[in-house]
Amino acid sequence: QQQVVESGGDLVQPGGSLRLSCVTSGFTFNFYDLEWHRQSPGKERELVAAIKSEDSETNYADSVKGRFTISRENDKNTVYLEMNNLEPEDTAVYYCHARHHWGWNDYWGRGTQVTVSS
């Protein structure tokens with residue numbers, strides 16, 4: 001019923017750009033805060049970017065500020081992550097997370113692989 005599906009992960013060179021997409025269905029998208037998380041081998045999963053449901057306020061991890069941009073299209077039930085000036089340290093599986101703004105429930109995608117390497 002509820003689906004969260006990421007796409008757009010790829011192999012890119014340092015300094016390159018990539019756009020990730022997360023298409024959702026089965027719930028009222030407008031009531032959910034959206035987040036992007038990432039996890040690389042040997043590290044804890046970390047919050048990369050978040051965008052709220054009401055006013056689209058955004059927050060970013062310090063490591064990606066100025067390089068990544070999160071946005072949402074409510075009519076498409078889709079959230080995006082634009083990544084610029086990618087670094088090898090950005091290599092990770094990126095996960096999309098939808099969280100009800102009142103904390104009723106949440107949904108996770110299965111992830112998409114981003115690899116930054118020469």
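The values are calculated or read from the model by the stated rules, or taken from the named source; none is laboratory data. Owing to the predicted nature of the structure, the values given are computational and were not obtained by experimental measurement. In this analysis, Cβ positions are derived from the backbone assuming ideal geometry, glycine residues included, and neighbour counts consider all displayed protein chains. Heavy atoms of the whole protein, side chains included, go into the accessibility calculation; ligands, DNA and RNA do not. Shrake-Rupley method; radii C 1.70, N 1.55, O 1.52, S 1.80 Å.
Structure notes:
- Residue match in the stretch 91-104 (condition: modelled with pLDDT of 95 or more, closer than 19 Å to S117 by Cα and touching a His at 6+ places or on another chain (Cβ under 8 Å)): yes
- Pairs where the first residue, in the stretch 30-48, is of a type in the set (S, T, N, Q) and the second is open to solvent by 20 Å² or more (accessible area, probe 1.4 Å) and not in a loop (DSSP other than H, G, I, E, B), C-beta under 7 Å, 6+ apart: N30/N74; Q39/V93
- Close pairs (7 angstrom Cβ cut-off, 6 or more residues apart or separate chains): part of a helix (DSSP H, G or I) in the stretch 81-100, among the small types (G, A, S) anywhere: P88/S117
- Within the stretch 103-118, the set of residues being under 17 Å from D33 (Cα atoms), outside any strand (DSSP E or B) and either touching a Lys or Arg at 6+ places or on another chain (Cβ under 9 Å) or in contact (Cβ under 8 Å) with a residue 24 or more places away in the chain (or both) comprises N105, G109.
- Of all residues in the stretch 1-28, those that are under 15 Å from the mean Cα position of the chain (by Cα) and either hydrophobic (A, V, I, L, M, F, W, C) or crowded, with 20+ Cβ neighbours inside 10 Å (or both) total 8.
- Residue in the stretch 35-53 that is among the acidic types (D, E) and under 19 Å from S17 (Cα atoms) present: no
- When D75, D90, D106, D62 are checked against the criterion of being of a type outside the set (G, A, S) and more than 21 Å from S7 (Cβ to Cβ), D62 stands alone in meeting it.
- Subset of the stretch 29-43 (residues that are more than 12 Å from the chain's Cα centre (by Cα) and closer than 17 Å to G109 by Cα): F29, Y32, S40
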